[in-house]
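First comes the structure, then the notes that go with it.
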Amino acid sequence: MVEVVPFRGLLYDQEKTGPLSEVTAPPYDVIKPEQQEELYRKNPYNVVRLILGKELPSDHENDNRYTRSAAVFRQWIEEGVLVRERKPVFYLYSQEYPLEGKTIRRLGIFARVRLEDFDAGNICPHEFTLAKAKKDRRLLLQACRANFSPIFGLYSDPEGGVDGLLEPAARENPMAVIEEDSITHRFWRLEDERVNASISQKFADKKIFIADGHHRYETALAYYKENRGRVKDCAHVMFFLTNLDAPSLLIFPIHRQVRCPFPFNREEFLSRLCNFFEVAPLPNGTPPDRIKSILEEAGKTGIAFGVYLREGLNRLFLAKLTDNRHILPYLDPDDSQELLVLDVAQLHALAVKTLLRIDTKDARGQRYLSYTIHI
């Protein structure tokens, strides 16, 4: 049984802060140093001061980015910059954006979810976590005792029972609207206690799949186990929840940019890649839209990737997996056989780990990878 309940959020007083668009920020783990500086300059109340404060050369145990975030957080509450809701509510959120001539709208709620071990089978992870990232979020949680960034959770609801309870509210005037980068964000407060009780009941027999926020979830769970009975409300963590069966839930590619940890020999790499993949070069100058259509067509009959080699070649290749079973000798003993059909598992096991000797489950291996949504 999953416990999903309303909560008393802390909201910005826009009379003090100015427009919400000036105080929001991307997720903390995608903010680069130059963007952090830009967000600091954008508005003195930008949330970056809480989720990713600056590090200083003079930092020490009693004065550091985490203690400063906590001090700023307390100050904003004392000054009325952040105002606590009078009663627990759900917060409805929609994200609307254009895609290939259509308007896509994703709908979901911000809620409190009771923490529990993954072994219970109700909260389901899908990725490995790194100790360094968990330590960072643990220090912030210990200092501030607050959830600033929601965990992104998915639930299966093919009949649309939860969405049916949310849609009437989404037709009302929103409490806030932010337009940025061709995306319209809308927020509503769900105050009807009967509707909220029905929403909680709908989740009672569901599982929640963590789409993003594994480090924060594990950190919150560990914090709860250490502080239960001593820290108020630490048994729950903030989630954003949306229906994985909704047609608006789309998954876009995240491209891996790899730095080889040893002297790279492109001929040897391509030769060894052919042990697992059918490899064919694409013409130089192939436009991005054409690359996308080639990959989509190749992906209809199997697992396929684009491989771009920059050093000394500047060439793009189409790599199509010849046999899903190639991965079997490279799986860990406790890995699920279902990874056979997961393209990213094939990519990391065969190309990244086996050919380039980079273990992405290890913090040292992660140093050689970066990620981008742009081709």
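The values are calculated or read from the model by the stated rules, or taken from the named source; none is laboratory data. The model shown is predicted, which means the values in this text are computed figures rather than measured ones. All Cβ positions, even for glycine, are placed from backbone atoms using ideal geometry, and neighbour counts span all protein chains on display.
Cβ-Cβ distances below 8 Å connect the following pairs, each with a first residue in segment 48-74 that is of a type in the set (Asp, Glu), a second residue that is surrounded by 16 or more Cβ atoms within 10 Å (Cβ to Cβ) and not in a helix (DSSP H, G or I), and a separation of six or more residues or different chains: GLU55/ASN64. Does GLN75 qualify as being under 21 Å from the mean Cα position of the chain (by Cα) and modelled with pLDDT of 95 or more? Criteria not met by GLN75. Out of the residues in segment 87-117 meeting the condition of being without any contact (Cβ under 8 Å) to a residue 24 or more places away in the chain and out of contact with any strand residue (DSSP E or B) (no Cβ under 7 Å at 6 or more places or on another chain), tell me which one is nearest to GLY9 (Cα to Cα). The extreme case among them is LYS102.
Against the condition of a type in the set (Lys, Arg) and either crowded, with 16+ Cβ neighbours inside 10 Å or in contact with a strand residue (DSSP E or B) (Cβ under 6 Å, 6 or more places away or on another chain) (or both), how does ARG315 come out, does it pass? Considered against the rule, which asks whether it is of a type in the set (Lys, Arg) and either crowded, with 16+ Cβ neighbours inside 10 Å or in contact with a strand residue (DSSP E or B) (Cβ under 6 Å, 6 or more places away or on another chain) (or both), ARG315 comes out as yes.
Does GLY365 satisfy the criteria of being surrounded by 13 or more Cβ atoms within 10 Å (Cβ to Cβ), closer than 30 Å to ALA133 by Cβ, touching an Asp or Glu at 6+ places or on another chain (Cβ under 7 Å) and not β-branched (Val, Ile, Thr)? Spelling it out, GLY365 is indeed surrounded by 13 or more Cβ atoms within 10 Å (Cβ to Cβ), closer than 30 Å to ALA133 by Cβ, touching an Asp or Glu at 6+ places or on another chain (Cβ under 7 Å) and not β-branched (Val, Ile, Thr).
Taking GLN201 as the residue in question, decide whether it is closer than 17 Å to PHE7 by Cα and of a type in the set (S, T, N, Q). Considered against the rule, which asks whether it is closer than 17 Å to PHE7 by Cα and of a type in the set (S, T, N, Q), GLN201 comes out as yes. Listed conditions (1) under 20 Å from the mean Cα position of the chain (by Cα); (2) surrounded by fewer than 12 Cβ atoms within 10 Å (Cβ to Cβ) are all met by GLU218, apart from (2).
Would you check if there is a residue in segment 130-152 being outside the structural domain of VAL23 (by TED's automatic domain parsing), in contact with a Leu (Cβ under 9 Å, 6 or more places away or on another chain) and surrounded by fewer than 16 Cβ atoms within 10 Å (Cβ to Cβ)? The answer is no, given that none of the residues of segment 130-152 is outside the structural domain of VAL23 (by TED's automatic domain parsing), in contact with a Leu (Cβ under 9 Å, 6 or more places away or on another chain) and surrounded by fewer than 16 Cβ atoms within 10 Å (Cβ to Cβ). Of all residues in segment 136-180 being more than 18 Å from the chain's Cα centre (by Cα) and among the acidic types (Asp, Glu), which is modelled with the lowest pLDDT? So the residue we want is GLU180.
Of the strands (runs of 3 or more DSSP E) lying entirely inside segment 69-163, those containing at least 3 residues that are charged (D, E, K, R) are 102-114. Figure legend. Inter-residue proximity from segment 301-322: first residues within 13 Å of ILE291 (Cβ to Cβ), second residues basic (Lys, Arg) and part of a strand (DSSP E or B), beta-carbon distance below 6 Å, spacing 6+ or different chains. Indicated pairs: ALA304/LYS320. If the condition is being in contact with a strand residue (DSSP E or B) (Cβ under 9 Å, 6 or more places away or on another chain) and under 20 Å from TYR66 (Cα atoms), then segment 1-28 contributes LEU10, VAL23, THR24, PRO27. Among the residues of segment 105-117, write down those that are surrounded by fewer than 16 Cβ atoms within 10 Å (Cβ to Cβ) and either under 30 Å from ALA71 (Cα atoms) or at pLDDT below 95 (or both). The answer is ARG114, and nothing else.
Residues of segment 251-294 that are in contact (Cβ under 8 Å) with a residue 12 or more places away in the chain and hydroxyl-bearing (Ser, Thr, Tyr): THR286 alone.
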